[in-house]
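Here's the structure, in structure tokens; my notes come after.
The values are calculated or read from the model by the stated rules, or taken from the named source; none is laboratory data. What you see is a predicted model; the values in this text were computed from it and never measured. No Cβ is skipped: glycine too gets one built from the backbone with ideal geometry, and neighbour counts run over all protein chains shown. Heads up: the accessible areas ignore ligands, DNA and RNA and are worked out on the full protein's heavy atoms, side chains in. Shrake-Rupley method; radii C 1.70, N 1.55, O 1.52, S 1.80 Å.
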Amino acid sequence: MSNAEEAVSALEGLGLTEYEARCFVALVRISTGTAKEISQVADIPRSRVYDTIERLDRKGLVSVQQTEPRQYKAVPVETACRRIREDYDSRINAAERSLGQLEEPDSRDDEGMWAITQKEHVTERVVRFLEEAEETIHYLVPATEVVDRPILDGLQSAADRGVSVYIEVPTGDDREEFAAAVPDADVVVAPDLETTSTVHDEWPAQLLMADQEAIVAAGVKESDLPDVVNETAVWTYGRDHGFAVWTRELLDDRLEERDEDRTTDD
């Protein structure tokens, strides 16, 4: 595929019709041209150039010189891309508003339990729950390598909002790294996280509970590919969901044990 064809395809993906994209790319290539010249370069019928250029003019992507024959010129690429981006964002916002009005006010996409099969989506879900947290965050990280920067930023952002953030990590070195990245969190060493069990080549990666109801439980598994580790997870909302009830009970027990240990140490 040539550069011109790639540009046409990209512009179509951003909302231009095929003829609009072809005419604009043709004008970028020749700088200024007549309808006949645009037709030849864009490889579209000359009769279609006029209405296509008119639409591009309304979108602010071309300038028209009132000569005989008329001359057409593309606006600078940077200007065109900015205007296309603004139009694209405007349509996305309009779609978001319209779709939002269709949602049932009291319905949530969180009923039941949901699976995630790609690492980046695991991170996205964790970050979303961190952003929505209002009171407490309890975060266990047996496999610290799965924690991406957006998660660390989300933890600190929650702490900045006044959310109580409690993080458990396997080693002292991990504690130092997390304490540096999330200075307003309570980061503790939980040695039992260093000895988590492996079942079918899978082992625990991270467990998040926000506001005692939003939960992400993730595991990692070695891939057949060298140095590749796959992360999968399940997540749920809801105080009354069985998985959430059990997870909340187990994590609350851990907090009670930590409090008892601290009291004994004091």
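Which of the residues that make up the stretch 43-64 are crowded, with 17+ Cβ neighbours inside 10 Å and either touching a strand residue (DSSP E or B) at 6+ places or on another chain (Cβ under 9 Å) or farther than 20 Å from A80 by Cβ (or both)?
V49, I53, L56, L61, V62
Would you be able to say whether some residue in the stretch 82-105 is open to solvent by less than 100 Å² (accessible area, probe 1.4 Å), in contact with an Asp or Glu (Cβ under 9 Å, 6 or more places away or on another chain) and of a type in the set (A, V, I, L, M, F, W, C)?
Within the stretch 82-105, not a single residue is open to solvent by less than 100 Å² (accessible area, probe 1.4 Å), in contact with an Asp or Glu (Cβ under 9 Å, 6 or more places away or on another chain) and of a type in the set (A, V, I, L, M, F, W, C).
Quick one: is E5 part of a helix (DSSP H, G or I), among the acidic types (D, E) and surrounded by 17 or more Cβ atoms within 10 Å (Cβ to Cβ)?
Considered against the rule, which asks whether it is part of a helix (DSSP H, G or I), among the acidic types (D, E) and surrounded by 17 or more Cβ atoms within 10 Å (Cβ to Cβ), E5 comes out as no.
Inspect all residues belonging to the stretch 107-118 and state whether any of them is at negative phi and in a helix (DSSP H, G or I).
No, the conditions are met nowhere in the stretch 107-118.
To keep it simple, each residue is scored yes or no on (1) at pLDDT 95 or above; (2) more than 18 Å from E176 (Cα to Cα); (3) small (G, A, S).
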| site | (1), (2), (3) |
| --- | --- |
| A115 | no, yes, yes |
| Q118 | no, yes, no |
| H121 | no, yes, no |
| R128 | no, yes, no |
| I137 | yes, yes, no |
| Q156 | yes, no, no |
| A159 | yes, no, yes |
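Looking at (1) modelled with pLDDT under 80; (2) surrounded by 14 or more Cβ atoms within 10 Å (Cβ to Cβ); (3) on the phi < 0 side of the Ramachandran plot, which one does V189 not meet, given that it meets all the others?
Looking at each condition in turn, V189 falls short on (1).
Within the stretch 128-173, restricting attention to residues that are in contact (Cβ under 8 Å) with a residue 60 or more places away in the chain, charged (D, E, K, R) and open to solvent by 20 Å² or more (accessible area, probe 1.4 Å), which residue is nearest to L250 (Cα to Cα)?
E135
Based on this model, can you work out whether A10 counts as within 15 Å of K59 (Cα to Cα) and either open to solvent by 50 Å² or more (accessible area, probe 1.4 Å) or in contact with an Asp or Glu (Cβ under 6 Å, 6 or more places away or on another chain) (or both)?
no
Free of Cβ contacts under 8 Å to residues at least 12 places away in the same chain, surrounded by 14 or more Cβ atoms within 10 Å (Cβ to Cβ), of a type in the set (S, T, N, Q) and not in a loop (DSSP other than H, G, I, E, B) - does that describe any residue in the stretch 25-42?
Yes, there is a match, as at least one residue in the stretch 25-42 is free of Cβ contacts under 8 Å to residues at least 12 places away in the same chain, surrounded by 14 or more Cβ atoms within 10 Å (Cβ to Cβ), of a type in the set (S, T, N, Q) and not in a loop (DSSP other than H, G, I, E, B).
Mind checking which pairs have a first residue in the stretch 68-81 that is more than 12 Å from S31 (Cβ to Cβ) and a second that is open to solvent by 50 Å² or more (accessible area, probe 1.4 Å) and assigned to a helix (DSSP H, G or I), Cβ under 8 Å, 6 or more apart or different chains?
P69/K36
Check T247, T232 and return the single one that is modelled with pLDDT of 70 or more, among the β-branched types (V, I, T), touching a Gly at 6+ places or on another chain (Cβ under 7 Å) and under 24 Å from K119 (Cα atoms).
T232
How many of the residues making up the stretch 194-220 are open to solvent by less than 10 Å² (accessible area, probe 1.4 Å) and farther than 21 Å from G154 by Cα?
Count: 1.
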